[in-house]
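What follows is one structure encoded as structure tokens, with my remarks underneath.
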Amino acid sequence: MLGTGSANVTPDRASFAFGTVSQAATANAALAASSQSVARVIAALRKAGVAQADIQTSDVSLSPRMNDNADAIVGYTASNTVTATIRKIGEAGDIVDAAVGAGANQVYGPNLLASDQDAAYRNALKAAVAEARAKAETLATASSATLGKITAIVEGGGTMPMPMAVGAAKDSSVPIEPGTQKIEATVSVTFAFG
């Protein structure tokens, strides 16, 4: 018997990727400029309250820029990206502003997460098993059989963002709305019938 359960959670953490892109005539100069820019972004993130442990380099790249005929290198483009986890979602807008103000010219995100996601998933599992049992009891009653004990359970599940805002982040030039996430669990339960 298949059962599905769900629980809603409100994200309370966010992660963003902040990147810097620089162009220069040489590869060394482009990479140095991008590295200096991302160092300023990291300093701004730290000053805005992001812990060092929550800042991680996620990408460093360097590529040639070609002329219009694509037959000669005219310079280089370097990028450097760091990911920052913001543990107080209400501060996310201010932190994005700080990173951009320090020179981030690429921003990706947010990736919204809830700290109580595991507990919500366990509640969704309980609801899924209860639904599977209710379906099995209905089938047993309809066929004049007796529902026996559970002989097997197979689990599946996931997280599904839901586009409904339930609270606003602190007023800033970059509003971040946490909305809710629907945590779903699916179980396949095998019952003995008598």
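The values are calculated or read from the model by the stated rules, or taken from the named source; none is laboratory data. From a predicted model like this one, the values you see are computed outputs, not experimental measurements. Keep in mind that these areas ignore ligands, DNA and RNA; they rest on the heavy atoms of the full protein, side chains included. Shrake-Rupley method; radii C 1.70, N 1.55, O 1.52, S 1.80 Å.
With a length cut of 27 Å (Cα positions projected on each helix's long axis) and a Kyte-Doolittle mean of at least -1.0, go through the chain and give me the DSSP H helices that pass.
What comes out of the filter, once short or polar helices are dropped, is 27-47, 117-142.
Using a 1.4 angstrom probe on the protein heavy atoms only, line up 57, 83, 141 by accessible area, largest first.
If we order 57, 83, 141 from most to least accessible, we get 141, 57, 83.
Calculate how large, on average over all directions, the projected area of the Cα convex hull of segment 32-111 is; give the answer in nm² to one decimal. Present the calculation step by step, with values, prior to reporting the outcome.
Working: hull surface 24.0 nm².
If you wrap the Cα atoms of segment 32-111 in a convex hull and average its projections, you get 6.0 nm².
How much accessible area per residue does the chain have, in Å², with a 1.4 Å probe?
Solvent-accessible surface per residue comes out at 54 Å².
Rounded to the nearest 10 Å², what accessible area does residue 87 have for a 1.4 Å probe in the complete protein model?
It works out to around 130 Å².
Please work out how much accessible surface residue 112 shows to a 1.4 Å probe, ignoring ligands, DNA and RNA, in Å² rounded to 10.
30 Å²
Distances longer than 31 Å among the Cα atoms of the chain: what percent of all pairs is that?
Details: 8445 of 18721 pairs.
Value for the chain: 45 percent of Cα pairs lie more than 31 Å apart.
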